[in-house]
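Engineer: Okay, handing you the structure first.
The values are calculated or read from the model by the stated rules, or taken from the named source; none is laboratory data. As the structure is a prediction and not an experimental result, all values here were calculated from the model. Here Cβ is always computed from backbone atoms with ideal geometry, including for glycine, and neighbour counts include all displayed protein chains. Please note that ligands, DNA and RNA were not included when accessible areas were found on the heavy atoms of the full protein model with its side chains. Shrake-Rupley method; radii C 1.70, N 1.55, O 1.52, S 1.80 Å.
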Amino acid sequence: MTQVRWPRGFFVTGTDTGVGKTRVAVALLNALARAGADVAGFKPVASGCTRRDGRLVNDDAMALFRASTVDAAYDEVNPYAFEQAIAPHVAARQVGVTIDRARIRASYEKLVARADFVVVEGAGGWLVPLGADSTMADIAGDLGLPIVLVVAMRLGCINHALLTAQAIAAGGQRLAGWVANDPQPSMPEREASVAAILERVAAPCLADLAFGAEPNLETIASHCLAIRF
Ligand SMILES: Nc1ncnc2c1ncn2[C@@H]1O[C@H](COP(=O)(O)OP(=O)(O)OP(=O)(O)O)[C@@H](O)[C@H]1O
Ligand SMILES: [Mg+2]
């Protein structure tokens, strides 16, 4: 693409772990690629990896890597990979690693130089610690990308969505939109919960993904491409 007027990407966070961030991040990559953009996925910190050919590989990062259309090495897509599926700051401490925000930023810069859009997946929820004095929210701030919040539609989700939206705003960051996602079969009175979030969050719903439904890539792309910095 010759002229880029859109945001350089999105930072995908969620109301919790296991809410559909990877599913949504892959859908965003596929939707934007189908709209003609060069795209790269980025999973700066992953805990829960398996050893393959002598290196640690994470399923989420591999899914983002596979959905990318630009050339990138796995290590660029996932600079920090920890074996144990535990809180990232604990996983890092266990192996004597300090997560360096500058290194993450440098990896991101390499990807953004090659892609029209970089779709970044956080780890867990918004305020997951990465070390003594940094969180995943700091990474989102360092990268300066608009935020996409994935809300798992289950009991308690309204509170989780509003708390996360409030924390994003309190950090001076921009919530570009949210996604209603069902990682389990639909909750009772789901639409009332969707409506409650719509009424209280000042950002559009970019997609509504029922359990097992294939994301509508055209709709997602049109919503994402309408977002401006
Ligand atoms: N709409 C959906 N329909 C069916 N299955 C779904 C849906 N959304 C998520 N899932 C499933 O729920 C599980 C968790 O989803 P996903 O891995 O995308 O969550 P996550 O937020 O990225 O988790 P993590 O915090 O581990 O990164 C996966 O097995 C995924 O396939
Ligand atoms: Mg994930």
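Engineer: Scan the stretch 190-229 for residues that are among the small types (Gly, Ala, Ser), open to solvent by 20 Å² or more (accessible area, probe 1.4 Å) and more than 24 Å from Ala37 (Cβ to Cβ) and jot them down.
Structural biologist: Of all residues in the stretch 190-229, those among the small types (Gly, Ala, Ser) come to 192-193, 195-196, 202-203, 207, 210, 212-213, 221-222, 226.
Those left that are additionally open to solvent by 20 Å² or more (accessible area, probe 1.4 Å): 192, 195, 202, 210, 212-213, 222, 226.
Of everything in the stretch 190-229, those that are among the small types (Gly, Ala, Ser), open to solvent by 20 Å² or more (accessible area, probe 1.4 Å) and more than 24 Å from Ala37 (Cβ to Cβ) turn out to be Ala192, Ala195, Ala202, Ala210, Gly212.
Engineer: What is the one condition in (1) over 22 Å from Val26 (Cα atoms); (2) open to solvent by less than 50 Å² (accessible area, probe 1.4 Å); (3) assigned to a helix (DSSP H, G or I) that Met187 does not satisfy?
Structural biologist: All conditions pass for Met187, except number (3).
Engineer: Is it the case, given these coordinates, that Ala161 is more than 16 Å from ligand 2 (Cβ to nearest atom) and under 29 Å from Gly212 (Cα atoms)? Full working, then the answer.
Structural biologist: Working: more than 16 Å from ligand 2 (Cβ to nearest atom): yes; under 29 Å from Gly212 (Cα atoms): yes.
Answer is yes for this residue.
Engineer: With under 29 Å from Val90 (Cα atoms) and more than 10 Å from ligand 1 (Cβ to nearest atom) as the only criterion, which of Arg8, Arg55, Arg34 stands out?
Structural biologist: Arg55
Engineer: When only residues in the stretch 7-28 that are more than 10 Å from the chain's Cα centre (by Cα) and polar (S, T, N, Q) count, which is nearest to ligand 2 (Cβ to nearest atom)?
Structural biologist: My answer is Thr17.
Engineer: Can I ask one more? In the set Asp59, Asp71, Asp38, which member is within 15 Å of ligand 2 (Cβ to nearest atom), modelled with pLDDT of 95 or more, acidic (Asp, Glu) and open to solvent by 50 Å² or more (accessible area, probe 1.4 Å)?
Structural biologist: Testing whether each residue is within 15 Å of ligand 2 (Cβ to nearest atom), modelled with pLDDT of 95 or more, acidic (Asp, Glu) and open to solvent by 50 Å² or more (accessible area, probe 1.4 Å) leaves just Asp59.
Engineer: Which residue is nearest to Leu225 (Cα to Cα), if the candidates are limited to the stretch 41-56 and must be surrounded by 24 or more Cβ atoms within 10 Å (Cβ to Cβ) and of a type outside the set (D, E, K, R)?
Structural biologist: My answer is Gly41.
Let's see how each residue does on (1) assigned to a helix (DSSP H, G or I); (2) away from ligand 2 (no atom under 16 Å from the Cβ); (3) in contact with a strand residue (DSSP E or B) (Cβ under 6 Å, 6 or more places away or on another chain):
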{"residue": "Ala63", "(1), (2), (3)": "yes, no, no"}
{"residue": "Glu76", "(1), (2), (3)": "yes, yes, no"}
{"residue": "Ala92", "(1), (2), (3)": "yes, yes, no"}
{"residue": "Val97", "(1), (2), (3)": "no, yes, no"}
{"residue": "Ser107", "(1), (2), (3)": "yes, yes, no"}
